[in-house]
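A short reminder: the numbers here are calculations on the coordinates, not readings from a lab. Since this is a predicted model, take the numbers as computed values, not measurements. So basically every Cβ, Gly included, is an ideal-geometry build from the backbone, and we count neighbours across all protein chains shown.
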Amino acid sequence: MENYLSIGEVAKIRNIDAQSLRYYEKIGILIPAYVNPENGYRYYSLEQLPILDTIILCINLDIPLKRLKEYFDDSGQFEFEHLLNDGRKIAKEKTKKINSGIHSIDRALRHINEQKAFQGRKGYYTRYIPRRFIISIPCDESLDAKTYEKNLSLLLNLAKQKDFHASFLHGTISTYEDGKYLSSKMFLEVAPDKSSSIQSLPEGNYLCFQGLRNAHLDPSEIFAEKIIARKQTDVIVSSMSSATYKFDEVVMEFQTYD
């Protein structure tokens, strides 16, 4: 048995557990070179270590092990270049998702820092809000919590389909014309995009008012004077990013262009 390694030796050399080796045998991708008929002990040849290395590489690349057999041609040769090309595609996609996540986190942290000065404000106040890029879907004037979350899921999926970097900020926009309610849409803020078709909310000074989401405050009552005085106006109800979060005390900021 000079040129063979026990299952324990292989596990130690490659820093994996013996149970993993038994699983690889079970799915048929690494069969022991020799099994002692008397005690059932399994042994692997030195030539099988590169196969094990390939299996470990597949795991690191998130290539399902059951697909490993697909990389053997009809003559039994292992198509290593094919595996690496597939692995590179998977790695690039993972990198893209990670970068997207980092971008969303950075945007959320920036919003938290921007809004720290306004946390817990009582009554009306004015603040400057930079241009916001959004995607939106139509919605009813009043949304219950379940419908709100369903719509938010739709927006997150839409952002993913369009390859937009979504932020954590979301809310509703209600439009009033001649003092009367006209329509509403729910929005999700996304990163700026070169596309000319993406929607945006104008930068500028906004008159604001804070309230808890479960208080069901009526935007038309909060900004009644503005709505009556203008031909058309929008009232934005946006989630606020805070350093701490209480699930039963979600603060929303009501905004209208000042």
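Counting only alpha carbon atoms, the long axis of helix 49-60 and the longest principal axis of the chain meet at about 10°. Evaluated with a Cβ-only charge set (Lys, Arg +1; Asp, Glu -1), region 30-121 carries a dipole of roughly 1000 debye about its Cα centre, given to the nearest 20.
Please check which bits of region 33-68 a label hung off ARG22 would reach, taking the label as a point 7 Å along Cα-to-C-beta and the cut-off as backbone N under 15 Å. Within reach of a label on ARG22: 40-43. Peptides 231-238, 91-98 ranked from most to least packed by the mean count of surrounding Cβ atoms within 10 Å: 231-238, 91-98.
Helices in the chain, meaning DSSP H runs of at least 4 residues, each add -39500 (n - 2.57). Divided by all residues, the mean residue ellipticity at 222 nm is -11000 deg cm²/dmol.
Past 24 Å, Cα to Cα: identify those pairs from LYS89/LYS150; LYS97/LYS185; LYS12/LYS97; LYS116/LYS162; LYS94/LYS160; LYS146/LYS180, in the order given.
Correct reply: LYS89/LYS150; LYS97/LYS185; LYS12/LYS97; LYS116/LYS162; LYS146/LYS180.
What angle, in degrees between 0 and 90 and rounded to the nearest 10, separates the Cα long axis of helix 145-161 from the longest principal axis of the Cα atoms of the chain? Value to nearest ten degrees: 60.
Of all lysines in the structure, the ones whose alpha carbon falls short of 19 Å from that of LYS26, not counting any fewer than 8 places away in one chain, are LYS66, LYS69. When all alpha carbon pairs of the chain are counted in 10 Å bins from zero, the resulting P(r) reads 6, 22, 22, 11, 11, 13, 10, 4, 1, 0 %. Taking the Cα centre of the chain as origin and assigning +1 to Lys and Arg Cβ atoms and -1 to Asp and Glu Cβ atoms, the resulting dipole is close to 640 debye.
Can you bin region 81-157 into rounded, prolate or oblate? Criterion: square roots of the alpha carbon gyration tensor eigenvalues sorted a ≥ b ≥ c, rounded for a/c under 1.5, prolate for a/b above b/c, oblate for the rest. Verdict is oblate for region 81-157. If R0 equals 22 Å, the separation of the Cβ atoms of TYR128 and ASP163 corresponds to a calculated FRET efficiency of about 0.15. The Kirkwood hydrodynamic radius of region 121-258, based on inverse pair distances between different Cα atoms, is 15.6 Å. Across the options ILE135, ASN99, THR54, the greatest Cα extent toward the positive end of the charge dipole of the chain (unit charges at beta carbon of Lys, Arg, Asp, Glu) belongs to ILE135.
Between GLU225 and ARG67, the FRET efficiency estimated from the beta carbon spacing at R0 = 51 angstrom works out to 0.20. To the nearest ten degrees, helix 80-115 and the longest principal axis of the Cα atoms of the chain are 30 degrees apart. FRET efficiency for the pair SER197 and SER153, taken as 1/(1 + (r/R0)^6) with r the Cβ-Cβ distance and R0 = 25 Å, rounds to 0.65.
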